[in-house]
Amino acid sequence: MPHQVHERKFGRTTDQRLAMLRNLSVSVLRYEKVRTTEAKGKEIRRFVDRMILLGKDGSLGARRQALAWLPEPELVDKLFTDLNERFPDRRSGFLRMTRVGHRVGDAAPMIQLELVPSAADERKKKEAAEVEAKPRRRLGLPRRRSAEKKTAEKKTEKAGTA
């Protein structure tokens, strides 16, 4: 029994598994929201956290390590600028995992991975909600007339036409 080996194999060879994990981490960092199976999501957390921590480091060596794992220089720039500023005080736990049910074909448990919003993003959402939540001014609609007034008006109309 291999002790302290904490990596899922996914029934793939090493190069296929690394390619799959690299592609999933690229998708999470690019789109910031991905649906995948629960096992893949739990495994990908380590890689995304590692990449964001490299972006927070900001050194040339960290940038080279990120470029070695991520094939797109645009994503590395996003790591070192946008995501670095988004999480100034967080050291881990950059992904939120939400269960979304089971896959139709094989009933595999599915989750949605998304980057956790920063405190500044939450403040902006609250401010936008407050602006939208201002009470709207009601229009003065005509009131319904009572039945007595309606009959009285009909009688005056008939008397006027006759």
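Among the numbered conditions (1) at pLDDT below 80; (2) within 30 Å of Leu83 (Cα to Cα); (3) surrounded by 11 or more Cβ atoms within 10 Å (Cβ to Cβ), tell me where Glu153 comes up short.
Going through the list (1) at pLDDT below 80; (2) within 30 Å of Leu83 (Cα to Cα); (3) surrounded by 11 or more Cβ atoms within 10 Å (Cβ to Cβ), Glu153 breaks only (2).
For the condition among the hydroxyl-bearing types (Ser, Thr, Tyr), out of contact with any Phe, Trp or Tyr (no Cβ under 7 Å at 6 or more places or on another chain) and modelled with pLDDT of 95 or more, what is the one hit in Ser59, Ser25?
That would be Ser59, the only listed residue that is among the hydroxyl-bearing types (Ser, Thr, Tyr), out of contact with any Phe, Trp or Tyr (no Cβ under 7 Å at 6 or more places or on another chain) and modelled with pLDDT of 95 or more.
Which residue is nearest to the chain's Cα centre (by Cα), if the candidates are limited to the range 112-150 and must be modelled with pLDDT of 75 or more and basic (Lys, Arg)?
Lys125
Report yes if Val28 is closer than 20 Å to Glu114 by Cβ and not acidic (Asp, Glu), otherwise no.
The answer is yes for Val28.
With the range 13-116 as the region, which strands (runs of 3 or more DSSP E) entirely inside it contain at least 2 residues that are hydrophobic (A, V, I, L, M, F, W, C) and crowded, with 19+ Cβ neighbours inside 10 Å?
By residue number, 109-115.
If you go through the range 94-105 one residue at a time, do you hit one that is in contact (Cβ under 8 Å) with a residue 40 or more places away in the chain and of a type in the set (Phe, Trp, Tyr)?
Taking every residue of the range 94-105 in turn, at least one turns out to be in contact (Cβ under 8 Å) with a residue 40 or more places away in the chain and of a type in the set (Phe, Trp, Tyr).
The values are calculated or read from the model by the stated rules, or taken from the named source; none is laboratory data. What you see is a predicted model; the values in this text were computed from it and never measured. Counting neighbours? That spans all protein chains shown, and the Cβs are built from the backbone with ideal geometry, glycine included.
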